[in-house]
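Here the structure is laid out as structure tokens; the discussion comes afterwards.
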Amino acid sequence: MRLLFHVEQMLQKYDVIVVGGGHAGNEAAAAAANMGCSTLLVTMNMNTIGQMSCNPAIGGIAKGQIVKEIDAMGGYTGIIADKSAIQYKLLNRSKGPAMWSPRSQNDRLRFAEEWRLTLEGIQGLDFWQDMVVGLVVENGKVVGVRTGMGVVIKGTAVILNSGTFLNGLIHLGLKNFGGGRAGDPASTGITKELMDLGFISGRMKTGTPPRVDGRTLDYSKMTVQPGDSKPGKFSYSELSKNLTKQLPCYMTYTNSEVHEVLKSGFDRSPMFNGSIQSVGPRYCPSIEDKLNRFSERDRHQIYVEPEGWNTVEIYVNGFSTSLPEEVQYEGLKLISGFENVKMFRPGYAIEYDYFPPTQLKHTLETKLVENLYFAGQINGTTGYEEAACQGLMAGINAALKCANKEPLILSRDEAYVGVLIDDLITKGTEEPYRMFTSRAEYRILLRQDNADIRLTPLSYNLGLASKDRMDAVENKLSMTKDLITYFKKTSVAPAEINPLLEEKKSAALTQKVKLYSLIKRPHVTLQELASCSGGLSEKLADYGDNVGSIVEQAEVQMKYSGYINKQGEQVEKMHRLEEVKIPIEIDYDKFSALSAESKEKLNQIKPSTLGQASRISGIKPSDVSVLMVYLGR
Ligand code: FAD
């Protein structure tokens, strides 16, 4: 009793209590503390802060853009990914710039260590190792949390980031046992309390592949997958550096013998014997799923990914499975290069509770309980990046609310983060939600090269992004403008440029033309023009160390100006609908012109603008017209 008294005195009332030190919770805690809130991070095990539960990699298609956005806002996932990277690649380089997606392979242990050290370096952020088992709610407002040790901690706002831990159930063949991920206990108590408060919960599933001993693999039978020859990085800041050395990954394939062995275990697969009922990530299927869904294929790709600089552990990407461990092992041994493999840890599947995200506002605050926020996998998403950006936004909005300030809501044309949150709260999700470029209707505006231009000014005004970051953006903008002006003013002579055009099989010049018209030709790059034009190459030298990002930015803006301007016009149209606010207290049952389905959906989501109403699945243009008339438009 005396001990609890002292602990509670030490853990005095906080502005923001963040529950869970995963990818969402870490960004939430960092943002709230950096915005001046007294913040407490309560997590079950401080040794697993920032742990990568599944693949040792950050970014990838659309996810890389999200990491860039987090970085531009002053979040840490990008910097930590850079500091712990063992390999870097810009994916989709052969496609248009809207598709360019950075991805790093990471040292798993170093990633978690960097998170821990980063958080420890933030002023105003306290830590408490404990399991939160309940919330303290008074008069519809959360006012604290209760922990497994029996401590009650008071807070103005609480952000729940419980990942895959809520009532987590791990499956391995016919065995199943409680756990939040392998080696960690499940989190119990919270789901029931939230349901008693009126929340609806659901169940989802995910899985992970086995990890093996790299010393037992024969890499000569595999195809090497190196990183980029000139590796980039996620962070726009100087806080991380580009890699100077990298580790390669390797690629191999399953084959029909592997498939036969795996299929022989299907009768003991929790996926097929009814043990797992919930829905898994469609775009990250297990090997069992792949054999079932694509039975015509006689092989599937396997990426052999090192887990870090100094460890021999290997992540077998593409072989996610919950088959019995002996079946996994027998299957692995038949993969080319894996003949002598030793397994460190078998793959497994996990089922966990989530809360359908239509129960949230755009700020990620719950509609039912004031000052309670949900972020990350608890909202039905999958992936570190999706979780981290929600944590960042929940942290920012909880801090703004504590300071009685207007919330920060990113629109669909400002950020992938805006698309993700709007999709979640407007459409909900019945299967683990991951980001894709195709989910963003304005993706030519939401590029990885311009996230700093889009978002750093917003974040700087909140006091989150530093002055250095803001200065860097202003510098980038003015240098880019300077280079574009140079292209518009400067002409080149045929003799200077025709050899390059001939090499590119592009029409030769007969008279001088402006550089601006040449850069619009497909396959002609800015750097190639600089190699022909002495004036341009001198101009680029003026930009010093910034030359890479200025060339990238100016080139994209000039080459794709037609598409960019067109999307800008579409955004303006969308904003007109977005500007029409809908009062929250509207009772849609009173609209006789709406169908029963439309009334039900509008009453459930309670859209805040006409734009949001138009994106609810099942809401028709005629319903939007009815609302427009009602709102006097
Ligand atoms: P997590 O990273 O899970 O962090 C949750 C944190 O909260 C943990 O630190 C935990 O200890 C703490 N915590 C939980 N409950 C409490 C409590 N009550 N009190 C105190 N602390 C608490 N993602 C993919 O994109 N693709 C995949 O294929 C994939 N496979 C996965 C396979 C497995 C087996 C697992 C476990 C996860 C997988 N993921 C995958 C998901 C990925 O790990 C998550 O998307 C991401 O980690 C979610 O971040 P988060 O912050 O929401 O939760």
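The values are calculated or read from the model by the stated rules, or taken from the named source; none is laboratory data. No experiment lies behind these values; they were computed from the predicted model shown. Methodologically, a virtual Cβ is constructed for each residue, glycine included, from the backbone with ideal geometry; neighbour enumeration extends over all protein chains shown. These accessible areas exclude ligands, DNA and RNA; they are computed on the full protein's heavy atoms, side chains included. Shrake-Rupley method; radii C 1.70, N 1.55, O 1.52, S 1.80 Å.
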**Report entry** Residue within region 9-26 that is more than 13 Å from the ligand (Cβ to nearest atom), part of a helix (DSSP H, G or I) and crowded, with 24+ Cβ neighbours inside 10 Å present
**Finding:** no
Query raised in the report: Which condition number in (1) more than 13 Å from the ligand (Cβ to nearest atom); (2) in contact with a Phe, Trp or Tyr (Cβ under 7 Å, 6 or more places away or on another chain) is the one that Ile378 fails?
Result: (1)
Query - Matching residues in region 122-147 - criterion: being within 8 Å of the ligand (Cβ to nearest atom) and closer than 18 Å to Ile49 by Cβ - result: Asp130, Met131, Val132, Thr147
Query raised in the report: Taking strands (runs of 3 or more DSSP E) that do not extend beyond region 209-253, which have at least 2 residues that are surrounded by 17 or more Cβ atoms within 10 Å (Cβ to Cβ), in contact with a strand residue (DSSP E or B) (Cβ under 7 Å, 6 or more places away or on another chain) and not basic (Lys, Arg)?
Result: 249-253
Query raised in the report: Does Gly155 qualify as being within 13 Å of the ligand (Cβ to nearest atom), closer than 17 Å to Val18 by Cβ and buried (at least 21 other Cβ atoms within 10 Å of the Cβ)?
Result: no
Query raised in the report: Taking the stated definitions as given, is Leu166 under 29 Å from the mean Cα position of the chain (by Cα), surrounded by 15 or more Cβ atoms within 10 Å (Cβ to Cβ), over 17 Å from Ile378 (Cα atoms) and at pLDDT 95 or above?
Result: no
Query raised in the report: Can you name the number of the only condition in (1) aliphatic (A, V, I, L, M); (2) more than 9 Å from the ligand (Cβ to nearest atom); (3) open to solvent by less than 10 Å² (accessible area, probe 1.4 Å) that Ile61 fails?
Result: (3)
Query - Check on Phe374, among the aromatic types (Phe, Trp, Tyr), open to solvent by 10 Å² or more (accessible area, probe 1.4 Å) and closer than 24 Å to Leu169 by Cβ - result: no
Report task. Might you check whether a residue that is at pLDDT below 90 and hydrophobic (A, V, I, L, M, F, W, C) occurs anywhere in region 561-569? Result -> no
Requested in this report: Could you grab the pairs with beta carbons closer than 7 Å, sequence gap of 6+ or different chains, first residue in region 193-218 and away from the ligand (no atom under 15 Å from the Cβ) and of a type in the set (D, E, K, R), second one open to solvent by 20 Å² or more (accessible area, probe 1.4 Å) and part of a loop (DSSP other than H, G, I, E, B)?
Outcome: Asp213/Val312; Asp213/Lys342; Arg215/Val312; Asp218/Glu339
Query raised in the report: Which pairs have Cβ atoms under 7 Å, sit 6 or more apart or on different chains, and link a residue in region 314-334 that is in contact (Cβ under 8 Å) with a residue 12 or more places away in the chain to one that is hydroxyl-bearing (Ser, Thr, Tyr) and crowded, with 24+ Cβ neighbours inside 10 Å?
Result: Ser320/Thr208; Ser320/Ser286; Thr321/Ser286; Ser322/Ser269; Ser322/Ser286; Ser322/Tyr348; Leu323/Ser269; Gln328/Thr321
Query raised in the report: If you take the residues of region 160-170 that are hydrophobic (A, V, I, L, M, F, W, C) and within 11 Å of the ligand (Cβ to nearest atom), which of them is nearest to Glu326 (Cα to Cα)?
Result: Ile170
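Table: residues versus (1) farther than 18 Å from Ser549 by Cα; (2) modelled with pLDDT of 95 or more.
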site: Ala388; (1), (2): yes, yes
site: Gly395; (1), (2): yes, yes
site: Arg439; (1), (2): yes, no
site: Thr480; (1), (2): no, yes
Report summary line: The one condition Arg116 fails out of (1) closer than 21 Å to Gly74 by Cα; (2) touching a strand residue (DSSP E or B) at 6+ places or on another chain (Cβ under 7 Å) is (2)
Query raised in the report: Among Glu406, Glu385, Glu431, which is the only one that is acidic (Asp, Glu), part of a loop (DSSP other than H, G, I, E, B), more than 18 Å from Val19 (Cβ to Cβ) and within 16 Å of the ligand (Cβ to nearest atom)?
Result: Glu431
Report summary line: Within region 235-271, of all residues that are within 30 Å of the chain's Cα centre (by Cα) and aromatic (Phe, Trp, Tyr), the one nearest to Glu69 (Cα to Cα) is Tyr236
Report task. Output the residue which, of all residues in region 272-288 that are of a type outside the set (Lys, Arg), within 24 Å of the chain's Cα centre (by Cα) and farther than 23 Å from Met222 by Cα, is surrounded by the most Cβ atoms within 10 Å (Cβ to Cβ). Result -> Gly280
Query - Matching residues, region 32-43, being open to solvent by less than 40 Å² (accessible area, probe 1.4 Å) and either under 9 Å from Asp126 (Cα atoms) or in a helix (DSSP H, G or I) (or both) - result: Ala32, Ala33, Thr39, Leu40, Leu41, Val42
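This table checks each residue for (1) modelled with pLDDT of 95 or more; (2) open to solvent by 20 Å² or more (accessible area, probe 1.4 Å); (3) assigned to a loop (DSSP other than H, G, I, E, B).
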position	(1), (2), (3)
Glu260	yes, yes, no
Ser295	no, yes, yes
Ser322	yes, no, yes
Leu332	yes, no, no
Ile335	yes, no, yes
Ala349	yes, no, no
Report task. Give the residues of region 409-428 that are buried (at least 20 other Cβ atoms within 10 Å of the Cβ) and either in a helix (DSSP H, G or I) or in contact with a Cys (Cβ under 6 Å, 6 or more places away or on another chain) (or both), sorted by residue number. Result -> Tyr416, Val417, Gly418, Val419, Leu420, Ile421, Leu424, Ile425, Thr426
Query raised in the report: Among Ala507, Ala530, which is the only one that is hydrophobic (A, V, I, L, M, F, W, C) and closer than 24 Å to Asn242 by Cβ?
Result: Ala530
Report summary line: Subset of region 171-192, residues within 11 Å of the ligand (Cβ to nearest atom) and either surrounded by 24 or more Cβ atoms within 10 Å (Cβ to Cβ) or more than 11 Å from Ile350 (Cβ to Cβ) (or both), comes to Gly180, Gly183, Pro185, Ser187, Thr188, Gly189, Ile190, Thr191
Query raised in the report: Quick one: is Thr48 open to solvent by 10 Å² or more (accessible area, probe 1.4 Å) and within 16 Å of the ligand (Cβ to nearest atom)?
Result: yes
Requested in this report: Could you tell me whether region 85-96 includes any residue that is free of Cβ contacts under 8 Å to residues at least 12 places away in the same chain and of a type in the set (Gly, Ala, Ser)?
Outcome: yes
Query - Filter result for Arg447 (in contact with a Pro (Cβ under 7 Å, 6 or more places away or on another chain), in a loop (DSSP other than H, G, I, E, B), more than 16 Å from the ligand (Cβ to nearest atom) and under 26 Å from Ala387 (Cα atoms)) - result: yes
**Report entry** Test for Leu446: is it open to solvent by less than 60 Å² (accessible area, probe 1.4 Å), in contact with a helix residue (DSSP H, G or I) (Cβ under 6 Å, 6 or more places away or on another chain), among the hydrophobic types (A, V, I, L, M, F, W, C) and free of Cβ contacts under 8 Å to residues at least 60 places away in the same chain
**Finding:** no
